[in-house]
Amino acid sequence: MYNFEFKQPKTISDAVNALVSDEAQALGGGQTLIPTMKQRLANPSTLVSLTAISEMKGICKNDDGSISIGGGTTHADVASHSDTFFGLKTLAEKIGDAAVRNRGTIGGSLANNDPAACYPAAALSLGATIVTNSREISADVFFQGMFDTALEEGEIIVSVKFPVPSSSSYQKFVQPASRFAMVGVFLSNFGNETRVAVTGASEGGVFRWSEAEAALNKTFSDNSIKDLSIDHKDMIKDIHASKEYRAHLVKVMTKRAVVSAS
Amino acid sequence: MSNVTMTVNGKTVSGSVEGRTLLVEFIRNDLHLTGTHVGCDTSQCGACAIHVDGKLVKACTMFALEANGAEVSTIEGQANDDGSLNVIQQAFKDHHGLQCGFCTPGMVMAASALLKANPKPSELEIREHLEGNICRCTGYHNIVKAILAASGQDVSSIAAE
C-alpha cells in the first residue's frame, strides 16, 4: 500500500478541518478501506481516522421515540445494545464475522454504500435520517447508486436517526465466501405503512421494491406478494448468481421478511 | 514516521512506524512476536486475530497507529503464569484441535474472546463465532470440540459428521 499521513482527531470539528485537503480521506473501522488500500485502489495522502471521536459513538433514544446511532458505533455495539430493535439487531449481528464487527462502523458502511452491504437496506427501509457535520439527509435521497451517496467531499456521518417500526425483519441470503448479502431484504412495518428495501441485488445499489410495498400496504401477508415478480434486467450478475436468480431471491427473502415481521 | 506506544501482553512497548504500518507488521517485525500469523492479508482467514482493548480484531486490517494507547493481547500472552498451557490451549491439544497449527493462534484468540462473552456457548454459537477463522486441516470439528471442552461442557454429544 502507498504511504500516507495518519491523523486521529478527537473532535468532529478537528476531523472536518483535517479532511479539507484534496487527497484526504476519512477512515472509519477500515474493514473495507484498508483492504482497498492494500490493492492500491485507494491512495489518500492523508488518512483521518474517526475512531477516537467519542461524540460519534454510542446509541441513544430520542424524545420522539426514534433512536440515534453514532456514525462511529461498531456493528458489535449495535448488535448488543438494548435500545436497538429486532430488525436492526439481527442485521448488525450478521455482518461479516465477529472480528470485523468489532471494527466496522455504521457510518463507514453507509458512506461506502457497497451494493451488497447490509446497512443501506435498513436505512432506506426505515426511512432513516443521516446526520452529517453540516446537515441532515433523508435516506430516500442519500443513496445515489453503487458506491455513490449524497455526501460531499470531506462530509462526515456523525449519526444516523432511525424511526422505530412496530415490527421489522432483515432477511439476508448470504454469499458464503464474503458473507456480504447476495440478496438482503429489510422490511419495516409502521402499522400504516410498510417499506421494503433490497440490497445485494441491483446494479443501482440499494432500492425500494414499491410494488411489494403497495401490495403489503393493502394486506400485510406473504400471500399479498405471491403473484408479484421483479424485473431482472437491472440485477447484478456474477459468478455467484445470475440476474434471474437474484430477482427470484428478492421475492423469496421479502416473503420470509413478511412472515418474520408478522 | 510516527511514534506509537501500546501495552502488549501487559508490557508497555513503543516504536516508530509509518502511517501504513499494519498492527500485525508492528507486532511481528518490530516486537518480534511472530505467533500472530499472516495467512491471507485480506481480512478473510483470521490467523492474525488478536485482542485490542479486550476485543477480537484482525491485526492485518488495522493500522499500528490506531492501536496507540491500547491494551493488546496476542497468543504469546495466553499461557498460564507458570508457562503451562491455559485451559483453551490445553483443550486444543487434548482434542486434536490442530494439525499444521498455522490457524491455531487466531483460533485460540477467537475462542478466548467468545468464552469471555459467552462462557457456555452452544455448538452452533461456536461455529458462528469462528466464521472469520479459516482452518484448512481439521474440518473444524475438533476445534469446536476443544472450545466446548474448554468451556467445561460435555463433548461426547458432538458426533463426527
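Points worth noting:
- Subset of the stretch B:11-20 that is assigned to a strand (DSSP E or B) and touching a helix residue (DSSP H, G or I) at 6+ places or on another chain (Cβ under 7 Å) - its residue that is farthest from B:THR42 (Cα to Cα): B:GLY15
- Of A:ALA76, A:ALA92, all but one fail to be in contact with a His (Cβ under 7 Å, 6 or more places away or on another chain), surrounded by 19 or more Cβ atoms within 10 Å (Cβ to Cβ) and not charged (D, E, K, R); the exception is A:ALA92.
- Single residue of the stretch B:1-20 satisfying the filter (aliphatic (A, V, I, L, M) and within 17 Å of B:GLU71 (Cα to Cα)) that is farthest from the chain's Cα centre (by Cα): B:VAL4
- The residue of the stretch A:1-28 that is surrounded by the fewest Cβ atoms within 10 Å (Cβ to Cβ), among those that are touching a Leu at 6+ places or on another chain (Cβ under 9 Å) and small (Gly, Ala, Ser), is A:ALA24.
- Residue selected from the stretch A:102-125 under the condition under 23 Å from B:ALA59 (Cα atoms) and hydroxyl-bearing (Ser, Thr, Tyr), by the criterion surrounded by the fewest Cβ atoms within 10 Å (Cβ to Cβ): A:SER109
- If only residues of the stretch A:91-103 that are at negative phi and outside any helix (DSSP H, G or I) are counted, the one that is farthest from the other protein chains (Cβ to nearest Cβ) is A:ILE95.
- The set of residues from the stretch B:108-127 being out of contact with any Ser or Thr (no Cβ under 8 Å at 6 or more places or on another chain) and among the aliphatic types (A, V, I, L, M) comprises B:VAL108, B:ALA110, B:ALA111, B:ALA113, B:LEU114, B:ALA117, B:LEU124, B:ILE126.
- Any hit, the stretch A:188-209, residues being exposed (fewer than 15 other Cβ atoms within 10 Å of the Cβ) and of a type in the set (Ser, Thr, Tyr): no
- Taken together, the criteria place B:ALA49 among residues that are within 9 Å of chain A (Cβ to nearest Cβ) and under 22 Å from B:ALA149 (Cα atoms).
- Scope the stretch A:174-185; condition more than 16 Å from A:ALA212 (Cβ to Cβ) and in contact with a helix residue (DSSP H, G or I) (Cβ under 8 Å, 6 or more places away or on another chain); matching residues: A:ARG179, A:ALA181, A:MET182
- Residue count for the stretch B:52-89 under the criterion of being of a type in the set (S, T, N, Q) and at the interface with another protein chain (Cβ under 7 Å from one of its Cβ atoms): the result is 1.
- Tally of residues being within 18 Å of B:HIS37 (Cβ to Cβ) and surrounded by fewer than 24 Cβ atoms within 10 Å (Cβ to Cβ) across the stretch B:52-66: 1
- Restricting A:ALA214, A:ALA241, A:ALA257 to residues that are farther than 20 Å from A:MET146 by Cβ, in the same structural domain as A:PHE180 (by TED's automatic domain parsing), crowded, with 20+ Cβ neighbours inside 10 Å and of a type outside the set (Phe, Trp, Tyr) narrows the list to A:ALA257.
- At least 3 residues being in the same structural domain as B:GLY10 (by TED's automatic domain parsing) and under 11 Å from the mean Cα position of the chain (by Cα) is the threshold, and among the strands (runs of 3 or more DSSP E) wholly inside the stretch B:21-139 those reaching it are B:49-52, B:55-58.
- Each residue in the stretch A:6-51 was checked for being in a helix (DSSP H, G or I), among the charged types (D, E, K, R) and more than 9 Å from every other protein chain (Cβ to nearest Cβ), and 1 pass.
The values are calculated or read from the model by the stated rules, or taken from the named source; none is laboratory data. Everything numeric in this text was worked out from a predicted model, so none of it was measured. Neighbour counts run over all protein chains shown; Cβ positions are idealised from the backbone, glycine included.
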